[in-house]
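All remarks here apply to the structure that follows.
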Amino acid sequence: MIATIAAGPVAAAPARATTGPTGPVALAIREEAGGSLKRFYADRGFRPLWAPGGKIGRQADTLIRFLRSAELDGLRPSSYGPDKLSDAIGAARGGDPRAVARAELQLSNAFARYVQDQRRGGVRMIYADRRLKPKKLPTDRVLRAAAFPRSFSDYVADMGWMSPLYVRLRDLMARAEKTGASRETVERLQLNLDRARLLPGPWTRHIVVDASSGRLWYYEAGEQVGTMRVVVGAQETQTPMLAGTLQWAILNPYWNVPDYLAEKSVAPKILGGKSLASLRMEALSDWSPSAHKLDPASIDWPAVASGKQVLRLRELPGAGNSMGRVKFIFPNKEGIYLHDTPNRNLLQKDDRHFSNGCIRLENAAELGHWLLARPIGAGSGKPEQAVPLPAQVPVYLTYITATATDAGVAFRKDVYGRDK
């Protein structure tokens, strides 16, 4: 019994002695590191990231495989010196602390540059929140993000700094090259990859909406925690490539009727004998917060129907309201938001391009629970109750047409014509 207790500390001591703040590897890193690398390692007591226990781990081999195949990312493998890294790792496996430290620092430097290059944007995205626009991350920040997850080895193996959508597309690119896909296929895949590289990795709490497949995903703490079908913009009223920050849930919302629907749909119904009350709508004097209700009898409906007069209409809250029970809003000039919907039949279709650009949710209550950290309920029942989110959440609207099949790579119909 005594011998068993004593054996634990004796067995563990060499690793601590080798890699702890006063161990030979840590001391060698302290001497060798400079600049942003030194800042990163100083914050962790100069403990190695790639060499736990004083030995280079398998995550180094994983990184080198990624670097050797960097052409899949649209990058040059030679930029990262994978052969020199392999030589440094080989030298480190002899156990010399300085050799381990040199391999450690070379791996961190190559890793940081690779991550920085992968995340460079090359396609147009509207940034309603400018803070979400990709910037070149400092080396120490890249490494701190990598050191945060419990398993650094898994973080590297899963390419956890990139969106899972990007990782899937990268795998598709590898399959396309292996099967000798056409130049057109490869170029189209690269365009999809360039869209996906603008998305954050799963360690960032965020939402992604893909307007090609009509799906939504949400992520936090390194995991995909939910997904659902969505209805997105039709060909004529496309959902844009857009990134913003969700800030509010609006319970029991009104639906502001688009001008063209007021002209083409509502006005003809009124002229045909319907009433605004029967349509559960009301007319307002203007679009300001102080707008007042109009008497329907005072409205020149023929002028509205002909497009000569623009009229603000809104649908009243309720079970049949086009917004459903809740909408989630983020400031943007395009007038895009996420919302519930009573029209469930459209969600069952394979092609779900039917909206005016906004995103209709299959399960708004589920998403709302995640955003608010509680069931959304109905509040007090009053219209347009604005509930601030406890934490603002980035949302990215993208367009990924590439998909995997048993035969290899395929593309969904390019509804918006963005792959040309």
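Take the chain, drop everything but the C-alpha atoms, weight them equally and run the Debye formula without solvent; then report log10 I(q)/I(0) at 0.07, 0.08, 0.09, 0.10 Å⁻¹ to two decimals.
-0.47, -0.59, -0.70, -0.81
Multiplying the sequence separation of Arg98 and Lys420 by 0.36 nm and subtracting their Cα-Cα distance, what value in nm do you get?
Working: separation 322, 0.36 × 322 = 115.92 nm, distance 5.24 nm.
Taking 0.36 nm per residue and subtracting the Cα distance, the gain is 110.7 nm.
When the gyration tensor of segment 21-107 is built from Cα positions, what are the square roots of 5 times its three eigenvalues, in whole Å, from largest to smallest? Walk me through the numbers before you get to the answer.
Values: eigenvalues 113, 41, 21 Å².
Gyration-tensor ellipsoid for segment 21-107: 24, 14, 10 Å.
Please report the equivalent ellipsoid semi-axes of segment 115-174, computed as sqrt(5 x eigenvalue) of the Cα gyration tensor, largest first, in whole Å.
Values: eigenvalues 90, 62, 19 Å².
Square roots of five times the eigenvalues give 21, 18, 10 Å.
Relative contact order, percent, of the chain when contacts are C-alpha pairs under 8 Å separated by at least 6 residues?
Working: 738 pairs, mean separation 68.5, N = 420.
So the answer I get is 16 percent.
Taking the 0 to 90 degree range and rounding to the nearest ten, how far is the long axis of helix 97-118 tilted relative to the main principal axis of the chain, both from C-alpha atoms?
Once rounded, the angle reads 20 degrees.
Counting only protein heavy atoms and using a 1.4 Å probe, what share of the accessible area of segment 357-420 belongs to carbon plus sulfur, as a whole percent?
Roughly 53 percent of what the probe reaches on segment 357-420 is carbon or sulfur.
What number comes out for the charge environment of Ile250, summing +1 per Lys or Arg and -1 per Asp or Glu over other residues with Cβ under 12 Å away?
Working: positive: Arg325, Lys327, Lys382; negative: Asp340, Glu384.
Around Ile250, the charge tally is +1.
Could you give the angle, 0 to 90 degrees to the nearest 10, between helix 82-92's Cα long axis and the longest principal axis of the Cα atoms of the chain?
Helix 82-92 and the main axis of the chain meet at about 40 degrees.
Using the Kirkwood radius built from alpha carbon pairs, what does the Stokes-Einstein equation give as D for segment 106-261 at 25 °C and 0.890 mPa s, in µm² per second? Spell out each step's value before the answer.
Values: Rh = 17.8 Å.
Roughly 138 µm²/s, to the nearest whole number.
With springs connecting C-alpha atoms under 10 Å apart, model the chain as a Gaussian network and identify which of Pro134, Pro317, Pro296 has the largest mean-square fluctuation.
Greatest mean-square fluctuation among the candidates belongs to Pro296.
Report the relative contact order of segment 26-118, percent, no decimals, based on alpha-carbon pairs under 8 angstrom and at least 6 residues apart.
Numbers: 94 pairs, mean separation 31.2, N = 93.
Contact order relative to length: 34 percent.
Would you mind getting me the FRET efficiency between Ser278 and Arg168? Use the beta-carbon distance for r and R0 = 45 Å, nearest 0.05. Don't jump to the answer; show the numbers that get you there.
On the way: r = 49 Å, r/R0 = 1.08.
Calculated transfer efficiency: 0.40.
Select from Asp154, Asp83, Asp286 the residue whose mean-square fluctuation is largest in a Gaussian network model of the chain (Cα-Cα springs shorter than 10 Å).
Fluctuation is largest for Asp286.
Need the full-extension length gain, Lys133 to Leu27, defined as separation in residues times 0.36 nm minus the C-alpha distance. One decimal, nm. Numbers along the way, then the final one.
Details: separation 106, 0.36 × 106 = 38.16 nm, distance 3.83 nm.
Contour length minus the Cα-Cα distance gives 34.3 nm.
Over the C-alpha atoms of segment 260-412, what are the Rg and the largest Cα-to-Cα span, Dmax, in Å?
Cα only, segment 260-412: 19.1, 63 Å (Rg, Dmax).
On a 0 to 90° scale, report how tilted helix 183-196 is relative to the longest principal axis of the chain, with both axes built from alpha carbons and the result rounded to the nearest 10.
90 degrees
Under a 5 Å amide H to amide H cut-off, with H placed in plane at 1.01 Å, what residues pair with Val257 once short-range neighbours are removed?
Here the answer is Leu313, Arg314, Glu315, since their amide H atoms fall under 5 Å of that of Val257.
Report the calculated FRET efficiency for Phe354 and Lys178 (r = Cβ-Cβ distance, R0 = 30 Å), to the nearest 0.05.
Plugging the Cβ-Cβ distance into 1/(1 + (r/R0)^6) gives 0.20.
The values are calculated or read from the model by the stated rules, or taken from the named source; none is laboratory data. Quick caveat: nothing in here was measured; it's all calculated off a predicted structure. Virtual Cβ from ideal backbone geometry, glycine too; neighbours counted across all protein chains shown. Heavy atoms of the whole protein, side chains included, go into the accessibility calculation; ligands, DNA and RNA do not. Shrake-Rupley method; radii C 1.70, N 1.55, O 1.52, S 1.80 Å.
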